[in-house]
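The values are calculated or read from the model by the stated rules, or taken from the named source; none is laboratory data. Just so it is clear, the model here is predicted, and its values are computed rather than measured. Ideal geometry is used to build each Cβ from the backbone, glycine not excepted, and the neighbour counts take in all protein chains shown.
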Amino acid sequence: MQEFSGGELALARKLGVSDDEIAWLCHTDLEVLGKGQLSPDEIRDATGNASRNLGPEGAKKSLTTTLPVALGKLQVAGQIRRVPSNGRLDQQRYRYALWKPNPLDEFKLTAEEVFYRAGPPILSLDRPGIAHRVSVVFKTWRQSSESGDRAARARSGRAWKQPPYVP
């Protein structure tokens, strides 16, 4: 399973939660969600003692139970997904469901390959030379995507036209 890098796991460890406890909770959550979509309260009721209350110390740090840690870990691994409870995406009411087939099973790219294919996330012009380095990376990425566009347009019968260069 991919490492869950959220701050909730580190905070839970500081509050005395072991990795084995989170792994057990993840396992029980998956068993319970095998029966269908459930809200967090329904998951908590169905898992019984698997998720525990972290007491007033956890409440001070905004982590009252271990359930959000396990759900976050399962979401990052692609094993569960959040589904809007009333079909609206603009509200914070979710149900959780198993994600079959797992979309990350076939995903083979490393973080560096994802960055290379997606291009630089931020264009920073505050230091000399960085704009040139970023433009070289972006130009390389753009050229690789253009060759794919040419092939796709050739298959569709549409003529390929060079996009304007924007520095």
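Tabulated results
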{"item": "Qualifying helices (runs of 4 or more DSSP H) (wholly inside region 1-106; at least 3 residues being surrounded by fewer than 14 Cβ atoms within 10 Å (Cβ to Cβ))", "result": "7-14, 19-33, 55-60"}
{"item": "Test for Ala23: is it over 14 Å from Thr65 (Cβ atoms) and modelled with pLDDT of 90 or more", "result": "yes"}
{"item": "Hey, Tyr116 assigned to a helix (DSSP H, G or I) and either modelled with pLDDT under 80 or on the phi < 0 side of the Ramachandran plot (or both) or not", "result": "yes"}
